[in-house]
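First the structure, in the form of structure tokens, and then the observations on it.
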Amino acid sequence: MSADDNLRAVEAGVTRDLRDRQTYAGYLHLDRLLSAQQPLSEPEHHDELLFIVQHQTSELWMRLIIHELDAVLSALSIDDLGPAQKGLARVKQIQRQLFEQWGVLATLTPSEYVKFRGVLGDASGFQSLQYRIIEFQLGNKNRQMLDVFAHSPADQERLRRVLEAPSLYDEFLRHLARRDYPVPADLLDRDFSEPHRRREDLIPVFKAIYDAPKRDWEAYELCEELVDVEESFQLWRFRHMKTVQRIIGYKRGTGGSSGVGFLRAALDLTFFPELLDVRTEIGA
Ligand code: HEM
Ligand SMILES: N[C@@H](CC(=O)c1ccccc1NC=O)C(=O)O
């Protein structure tokens, strides 16, 4: 065998007899994973598989984001900034992946989608538990979202726990307070199920950090990481809205909302408003 044969020799050491061994497919449970794509259209529409895979891969990446954000929240709560930073860096890369993934779905045309949209019934991404958990972890709290999970008490309970727990911003502000930044006291122990509302008196905290980055580089860097995560999240929302617009135009959503208008309204939501507001004050 040589390079000219265009064949690679399988080395003698390669394990070939995998009876009673841990295997690739076994470890990854590929039997379950790869049998979970079940198109409902009849006759089966070619593009329904794309729709299913796009959503399932998104849910897998969201599973990892939740796992990483859980670790980031714990790290912040014990002032362990290194691991928090590392976790956010990973989250950012996953977000980039989720953003790029829209390009695949954008190859689905309106003519193709209408052919199987009917099989979706009342199902909608609006009902994604993992998406809502991430929004809550990041701070877009909204108790009304619990209603959507009344049909599934275990899911509803899981979401309620995240709703009532401190968000990333809450944990960051508590960390800054422990480092003697003048974070307003009422923000440190509040009803965490409420969204954070923009506060003028937080801006001096961030201004102190941004005016002298070298004095507290860790805090400065974490501020920038949070802004990155917020921006990536908004980019995902924007591209979802644009993809929806090109595929269903201004039809109502299967979840019952107005569709594109409803998705556009989410672009006004913000996770860390003062971290953006402070930029207006820098150098002033
Ligand atoms: C053909 C592709 C898609 C269309 C036409 C579409 C359409 C919509 C519409 C109209 C809504 C508003 C709720 C409703 O009334 O249904 C919505 C919400 C949502 N969709 Fe999609 N979507 C698509 C793909 C995706 C994909 C791939 C994901 C990834 C998981 C996704 C996740 C979501 C989420 C999380 C929401 C809730 C957003 C919010 O509350 O702001 N969608 N979608
Ligand atoms: N809301 C979409 C349907 C939809 O996209 C969907 C349906 C079932 C499972 C996931 C979905 N994705 C995002 O909303 C629509 O109105 O066409």
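Does any residue in region 132-143 that is closer than 16 Å to Leu267 by Cβ come within less than 6 Å, Cβ to Cβ, of a residue that is more than 9 Å from ligand 1 (Cβ to nearest atom) and aliphatic (A, V, I, L, M) six or more places away or on a different chain, and which pairs are these? From residues that are closer than 16 Å to Leu267 by Cβ, the pairs are Leu138/Leu168. Within region 188-201, residues that are more than 17 Å from Pro273 (Cα to Cα) and open to solvent by less than 50 Å² (accessible area, probe 1.4 Å) reach no partner that is in a loop (DSSP other than H, G, I, E, B) and at pLDDT below 95 with beta carbons closer than 6 Å at six or more positions or on different chains.
Quick check: anything in region 38-51 small (Gly, Ala, Ser) and either open to solvent by 20 Å² or more (accessible area, probe 1.4 Å) or in a helix (DSSP H, G or I) (or both)? No. Checked against the criterion of being part of a helix (DSSP H, G or I), over 30 Å from Ala123 (Cα atoms) and out of contact with any Gly (no Cβ under 9 Å at 6 or more places or on another chain), region 243-252 contains not a single residue that satisfies it. Against the conditions (1) farther than 26 Å from Met241 by Cβ; (2) touching a residue at least 60 places away in the same chain (Cβ under 8 Å); (3) assigned to a helix (DSSP H, G or I); (4) not hydrophobic (A, V, I, L, M, F, W, C), Gln95 satisfies every one except (1).
Can you find a residue that is touching a Phe, Trp or Tyr at 6+ places or on another chain (Cβ under 7 Å), aliphatic (A, V, I, L, M) and open to solvent by less than 20 Å² (accessible area, probe 1.4 Å) anywhere in region 139-162? Checking region 139-162: at least one residue is touching a Phe, Trp or Tyr at 6+ places or on another chain (Cβ under 7 Å), aliphatic (A, V, I, L, M) and open to solvent by less than 20 Å² (accessible area, probe 1.4 Å). Looking at the structure I just gave you, is Phe206 part of a loop (DSSP other than H, G, I, E, B) and either open to solvent by 80 Å² or more (accessible area, probe 1.4 Å) or at pLDDT 95 or above (or both)? The answer is no for Phe206. Scanning region 1-36 for residues that are closer than 29 Å to Val119 by Cβ and either exposed (fewer than 12 other Cβ atoms within 10 Å of the Cβ) or hydroxyl-bearing (Ser, Thr, Tyr) (or both) turns up Leu28, His29, Asp31, Arg32, Leu34, Ser35, Ala36.
In region 139-147, the condition of being within 16 Å of ligand 2 (Cβ to nearest atom), in a loop (DSSP other than H, G, I, E, B) and closer than 26 Å to Lys242 by Cβ is met by no residue. The number of residues in region 104-135 that are within 12 Å of Phe149 (Cβ to Cβ) and of a type in the set (A, V, I, L, M, F, W, C) comes to 3.
Kindly evaluate Glu200 against the criterion of being touching an Asp or Glu at 6+ places or on another chain (Cβ under 9 Å) and at pLDDT 95 or above. Answer is yes for this residue. Would you point out the residue of region 234-247, among those that are open to solvent by less than 20 Å² (accessible area, probe 1.4 Å) and closer than 20 Å to Pro110 by Cβ, that is nearest to ligand 2 (Cβ to nearest atom)? Within region 234-247, the match that is nearest to ligand 2 (Cβ to nearest atom) is Ile247. For region 250-280, a tally of residues being open to solvent by less than 20 Å² (accessible area, probe 1.4 Å) and either under 30 Å from Asp201 (Cβ atoms) or small (Gly, Ala, Ser) (or both) returns 7.
From Ala219, Ala212, Ala208, which residue is touching a residue at least 40 places away in the same chain (Cβ under 8 Å) and aliphatic (A, V, I, L, M)? The unique qualifying residue is Ala219. Considering region 253-278, the residues that are part of a helix (DSSP H, G or I) and touching a residue at least 40 places away in the same chain (Cβ under 8 Å) include one that is farthest from ligand 2 (Cβ to nearest atom), namely Val278. A single entry from Glu112, Glu100 fulfils the requirement of being in contact with an Asp or Glu (Cβ under 7 Å, 6 or more places away or on another chain) and open to solvent by 40 Å² or more (accessible area, probe 1.4 Å): Glu112.
The values are calculated or read from the model by the stated rules, or taken from the named source; none is laboratory data. Bear in mind that the values here come from a model prediction, so they are computed numbers and not experimental data. We place every Cβ from the backbone using ideal geometry, glycine too, and count neighbours over all the protein chains shown. For the accessible areas, the whole protein counts, side chains as well, though only heavy atoms, and no ligand, DNA or RNA atoms are used. Shrake-Rupley method; radii C 1.70, N 1.55, O 1.52, S 1.80 Å.
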